[in-house]
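Colleague: Pasting a structure below so you can have a look.
The values are calculated or read from the model by the stated rules, or taken from the named source; none is laboratory data. What you see is a predicted model; the values in this text were computed from it and never measured. Methodologically, a virtual Cβ is constructed for each residue, glycine included, from the backbone with ideal geometry; neighbour enumeration extends over all protein chains shown. These accessible areas exclude ligands, DNA and RNA; they are computed on the full protein's heavy atoms, side chains included. Shrake-Rupley method; radii C 1.70, N 1.55, O 1.52, S 1.80 Å.
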Amino acid sequence: MKHSAPKGTFDIFPTPSQPKDIWKSSHLWSHVETVFQTIAKSFGFELINTPIFEKTDLFLRTVGDTSDIVSKEMYIFEDKASRSMALRPEGTAPVIRAFIENNLIQTGSLHKLFYFGPYFRYDRPQAGRYRQFHQFGVEAIGEKNPLQDIEIIDFCMQAYEKLGIKGLEILLNSVGDPKSRDRYKDALLKYLKPHFESLSDDSQTRFHKNPLRILDSKDPKDKELLKEAPSILDYLSKDSENHFQRVLDALNLLKIPYKLDQNLVRGLDYYNETVFEVTSNVLGAQSSIGAGGRYDGLIRNLGGQDLPSIGFATGLERVIQTMIGQKVALPEKDKPSFFFIPLDDKSSLFCFEILHVLRRQGLFVKMLLKQKKMQKALQEASESGAQFSVILGENELAKHAAQVKNMRTRESFEIPLNKLAVELAKLVH
Ligand code: HAM
């Protein structure tokens with residue numbers, strides 16, 4: 001029986017042969033992760049790694065038991081001691097759990113952390129939506145200044161730009177502080193009540209449990225109805241209004257374009273004040289490439305201090321698919337500097353020793369371990385993209401000189417065996 005990866009998951013591997021799988025190329029993943037990491041470090045974020053599973057309760061308490069993620073999409077299992085565990089569906093709650101547990105608060109007043117890895121949501125798989133997906137995320141803990149909000153937005157836009165992605169749109173809203181939200185909830189319920197019967201089933205449930213989430217509805221009839229709904233921006237408290245205005249002012253100052261979206265509430269319960277989503281025009285239905293927002297009450301809610309915080313996460317599948325969809329010039333795979341072609345056992349040992357020396361200098365070097373006919377071997381060297389092939393056989397050993405071929409110019413020359421490692425290294429340094 002042939003085995004296949006579970007539904008909604010995929011492999012990341014070198015050189016996929018099908019065009020539809022190019023986004024799974026491991027070198028593209030390394031490239032994107034490196035760009036995000038490099039830019040995160042330049043913004044002062046430091047790496048944090050948390051386990052891929054947590055106690056289920058962590059997500060119930062933070063993401064919220066009425067959110068889709070928790071109510072429908074979590075991979076939950078009992079461990080052997082009958083404790084309920086969940087594969088992490090997102091990164092913010094685990095980071096905050098780790099922040100509190102490891103007493104990171106002691107290390108300063110502002111804590112800037114980044115993370116990347118696999119996350120799990122049991123949803124109907126479709127293009128751009130997977131059951132195991134990968135996020136790169138950042139969290140800034142301890143700062144209420146609206147400039148911190150902008151720094152997070154600036155970080156992600158800079159990373160997308162560095163990757164060559166264009167035409168992204170930032171959707172922005174404020175969900176205010178708890179006081180603002182309570183006032184708004186009342187207004188929204190009042191507006192929706194006469195239309196209750198025409199709401200979708202999901203929205204009817206949300207009407208009682210978590211009315212703000214109705215704004216998230218994808219149902220066309222709900223959407224139509226919501227066009228006339230009151231805007232949360234008209235119900236912000238003075239403080240929330242002030243905060244949001246300063247966010248808008250700073251975005252204007254940096255000339256970062258955005259679009260206000262009064263229905264953007266995000267599907268996770270921990271948000272307050274600024275929320276945003278970045279959308280890509282080539283992703284189809286799953287257009288959100290990244291998203292984030294403030295979650296000022298979350299740390300206190302988990303038993304820590306009252307620290308304002310904001311963060312963001314991007315889906316790496318969607319980043320790479322957007323790059324491909326927009327025909328961004330993709331980075332090439334690393335190519336070897338040298339491709340060694342030994343023609344017999346004695347030459348093979350000699351080459352292996354030189355390989356060992358060159359690799360210790362950090363060079364990317366390949367060698368054929370299986371001896372092949374010259375033409376086949378050269379074809380393989382050429383396919384590997386090597387700059388030079390180094391040929392060594394009985395004749396070369398007798399002459400005490402290896403034959404070196406520049407694979408681009410096709411020019412061949414000899415290098416004495418006693419200087420081979422030194423002279424080869426000079427060719428590429
Ligand atoms: P989120 O909006 O649930 O936010 O996810 C962020 C990004 O992860 C999405 O924009 C999307 O690119 C990607 N994503 C989510 N689900 C899937 C999926 N099933 N398949 C592929 N990609 C997916 C969060 O997770 C928050 N923790 C973000 C955050 C950080 N807020 C504050 N700090």
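Colleague: Kindly state, to the nearest 0.05, the FRET efficiency for Leu349 paired with Ser30, given R0 = 51 Å and r defined as their beta-carbon distance. Kindly include the intermediate steps, with their values, before the conclusion.
Modeller: Values: r = 33 Å, r/R0 = 0.64.
My answer for the efficiency is 0.95.
Colleague: Using a 1.4 Å probe on the protein heavy atoms, what percent of the accessible area of the range 271-350 belongs to carbon and sulfur?
Modeller: That share works out to 49 percent.
Colleague: Along the charge dipole of the range 115-220, pointing to its positive end and built from +1/-1 on Cβ of Lys, Arg, Asp and Glu, which listed residue (Gly176, Leu199, Gly142) has its Cα farthest out?
Modeller: Comparing the listed Cα positions along the dipole, Leu199 ranks first.
Colleague: Once label points are set 7 Å from the Cα along Cα→Cβ at both Leu110 and Lys255, what is their separation, rounded to one decimal in nm?
Modeller: 2.5
Colleague: Excluding Lys24 itself, calculate the net charge of residues whose Cβ lies under 13 Å from the Cβ of Lys24, where each Lys or Arg counts +1 and each Asp or Glu counts -1.
Modeller: -2
Colleague: Length gain on complete extension for the stretch Arg360 to Met85, per 0.36 nm per residue less the alpha carbon to alpha carbon distance?
Modeller: 94.6 nm
Colleague: Greater than 20 Å separation of Cα atoms is the criterion. Which listed pairs, Lys190/Lys223; Lys370/Lys419; Lys7/Lys55, meet it?
Modeller: Those over the limit are Lys370/Lys419; Lys7/Lys55.
Colleague: Then there is this: Consider all pairwise Cα distances in the range 217-275 and report the whole-number % of them above 16 Å.
Modeller: 55
Colleague: In cubic angstrom, how much convex hull volume per residue do the alpha carbon atoms of the chain span?
Modeller: 207
Colleague: Follow-up question, since we're still on this one. Rounded to the nearest 20 debye, what is the charge dipole size of the range 224-340 about its Cα centre when +1 sits on each Lys and Arg Cβ and -1 on each Asp and Glu Cβ?
Modeller: My answer is approximately 500 debye.
Colleague: In whole percent, how big is the carbon plus sulfur part of the accessible area of the range 157-258, probe 1.4 Å, protein atoms only?
Modeller: Carbon and sulfur: 50 percent of the exposed surface of the range 157-258.
Colleague: Now, a different point. In debye, nearest 20, what is the charge dipole magnitude of the range 1-43 about its Cα centre with +1 on Lys and Arg Cβ and -1 on Asp and Glu Cβ, if you could check?
Modeller: Dipole magnitude for the range 1-43 comes out near 120 debye.
Colleague: Starting from the 7 Å offset along Cα-to-Cβ, what nm value, one decimal, do you get for the label separation of Thr15 and Ala329?
Modeller: 2.4
Colleague: To continue, here is another question. Distances longer than 16 Å among the Cα atoms of the range 53-120: what percent of all pairs is that?
Modeller: Details: 1164 of 2278 pairs.
The answer is 51 percent, as a whole percent.
Colleague: Let me ask something else. Measure out, as a whole number of angstrom, how far apart the alpha-carbon centroids of the range 367-429 and the range 235-253 sit.
Modeller: After rounding, the separation between the Cα centres reads 65 Å.
Colleague: For the range 98-143, take the convex hull of the Cα atoms, compute a quarter of its surface area, and give me that in nm², please.
Modeller: Orientation-averaged projected area of the Cα hull: 4.3 nm².
Colleague: Please report the net charge: other residues with Cβ closer than 12 Å to the Cβ of Gln379, K and R +1, D and E -1. Mind showing how you got there, number by number?
Modeller: Numbers: positive: Lys372, Lys373, Lys376; negative: Glu380, Glu383.
My count for the surroundings of Gln379 gives +1.
Colleague: Which aspartates and glutamates does Lys20 reach when only Cα atoms under 16 Å apart count, and residues fewer than 8 places away in its own chain are ignored?
Modeller: Asp11, Glu317
Colleague: Evaluate the distance, in nm, between pseudo-label points positioned 7 Å from the Cα of Ser198 and of Lys218 along their respective Cα→Cβ axes.
Modeller: My value for the distance between the label points is 2.3 nm.
Colleague: Any idea what the relative contact order of the range 49-156 is, in percent, if you count C-alpha pairs under 8 Å spaced at least 6 apart?
Modeller: The normalised contact order for the range 49-156 reaches 23 percent.
Colleague: So, one more: Please tell me the relative contact order of the chain in percent, rounded to the nearest whole number, where contacts are Cα pairs under 8 Å and at least six residues apart.
Modeller: 15
Colleague: Let me ask another. Determine, from the Cβ-Cβ distance of Glu46 and Asp186 and an R0 of 45 Å, the FRET efficiency 1/(1 + (r/R0)^6), rounded to the nearest 0.05. Don't skip to the end; give the middle numbers.
Modeller: Values: r = 42 Å, r/R0 = 0.94.
E(calc), rounded to 0.05, equals 0.60.
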